[in-house]
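Read the structure below first, then the notes.
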Amino acid sequence: MKIVPNANTEAVVSALAARVLARLNRNMPVLLLVSGGSCEDAAIGAFSAIVGSFANERGRLKMLFNLGLVDERFGKTGHQDSNWRQLLDKGLDPARCNAMPMLVESTGEKNDLDEAVSRYNAFLSLAVSKHDEGKLYIACLLGLGDDGHVAGILPESPASQMGEDDARLVTGYRSALFPRVTVTPAFFRSVDYAAVWVSSHTTIPSLDRLSESLPIDRHPAQLVKKVAEAEIFAGIELPERILKRAYITA
């Protein structure tokens, strides 16, 4: 896992788009899962760069390019705190690709949470099966929380306590602020590339802890070290002790 210091959103966009386009241009299907929050601008930038490169081949792109989320705040479809809704408000055009939101016709009821989890788990299970056959490239755009959370996997949450060999790739649970739908620890082993955007100084302690080997339920960001290729883009000034670790290994 590589740390890229003195980065900006454009660096994240360039790295993510380059890897996705390299596969699409060879007719390799790609699944890109993105985060909301601090990652929104990078997500929209990468999406725009990818669809812009296929401006004259929209049909081909729609067959090859799949887009979804790594996590979602559960509620009624289109609710104001939804990660997908916020990406749409930023300019995401799902008609340009094979888009798969986590909330589809949700009323916010408990049974809809279970349905969202079941539907997305089936979607990712098929994707991972194709990935394992060498027929799909999987990339992710992730943020890093002050508390070490990644995707919707909060420390000491039910999601953080799921084993990496668990067959489930998606789970749902209730956190303090929102019920959440998120990928599970098991999903990370199938990710080919992850770009991690760090934009707040308050995340430095969490970033520092990546040099340690900690249990997932204490520091879910350890999961990034399970990804085949991961780059942490730091849009903040980093302490010298972190800069000396150009690479962090598991």
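The values are calculated or read from the model by the stated rules, or taken from the named source; none is laboratory data. These numbers were taken from a predicted model, which means no experiment stands behind them. With ideal geometry, Cβ positions are generated from the backbone for all residues, glycine too; neighbour counts draw on all protein chains shown. Just the protein is used for accessible areas: all its heavy atoms, side chains included, with ligands, DNA and RNA removed. Shrake-Rupley method; radii C 1.70, N 1.55, O 1.52, S 1.80 Å.
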Among (1) in a loop (DSSP other than H, G, I, E, B); (2) small (Gly, Ala, Ser); (3) surrounded by fewer than 22 Cβ atoms within 10 Å (Cβ to Cβ), there is one condition residue 206 misses while meeting the rest; what is its number?
(1)
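Hey, among 213, 160, which residue is in contact with a helix residue (DSSP H, G or I) (Cβ under 9 Å, 6 or more places away or on another chain), of a type in the set (S, T, N, Q), over 23 Å from residue 16 (Cβ atoms) and surrounded by 13 or more Cβ atoms within 10 Å (Cβ to Cβ)?
On the way: 213 fails: surrounded by 13 or more Cβ atoms within 10 Å (Cβ to Cβ).
Residue meeting the stated conditions: 160.
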Go through the range 1-51 and give me each residue that's modelled with pLDDT of 95 or more, more than 25 Å from residue 131 (Cα to Cα) and open to solvent by 50 Å² or more (accessible area, probe 1.4 Å).
8, 10, 41
Residue ID - least open to solvent (accessible area, probe 1.4 Å), chosen from residues in the range 163-188 that are among the charged types (D, E, K, R) and without any contact (Cβ under 8 Å) to a residue 24 or more places away in the chain:
166
Just a yes or no: is a residue in the range 239-249 touching a strand residue (DSSP E or B) at 6+ places or on another chain (Cβ under 6 Å) and assigned to a strand (DSSP E or B)?
yes
Exactly one of these conditions fails for residue 99: (1) outside any helix (DSSP H, G or I); (2) out of contact with any Leu (no Cβ under 9 Å at 6 or more places or on another chain); (3) at pLDDT 95 or above. Give me its number.
(2)
When you look at residue 198, is it of a type in the set (A, V, I, L, M, F, W, C), touching a strand residue (DSSP E or B) at 6+ places or on another chain (Cβ under 6 Å), closer than 21 Å to residue 1 by Cα and open to solvent by less than 10 Å² (accessible area, probe 1.4 Å), yes or no?
yes
Could you list, in sequence order, all residues of the range 92-145 that are more than 16 Å from residue 170 (Cβ to Cβ) and touching a Gly at 6+ places or on another chain (Cβ under 6 Å)?
108, 143
Whether any residue in the range 124-144 is open to solvent by less than 10 Å² (accessible area, probe 1.4 Å) and either more than 25 Å from residue 231 (Cα to Cα) or in a loop (DSSP other than H, G, I, E, B) (or both) is what I want to check.
no
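Being outside any helix (DSSP H, G or I) and not aliphatic (A, V, I, L, M) is the filter; apply it to the range 1-29 and report the residue that is nearest to residue 51 (Cα to Cα). If you could, list the steps in order and put the result at the bottom.
Our first condition is that a residue be outside any helix (DSSP H, G or I); within the range 1-29, this holds for 1-8, 25-29.
Filter once more, so that each one left must be not aliphatic (A, V, I, L, M): 2, 5-6, 8, 25-27, 29.
Details: 2: 27, 5: 28, 6: 27, 8: 21, 25: 12, 26: 15, 27: 14, 29: 14 Å.
Step by step, filter the range 1-29, then rank; the result is 25.
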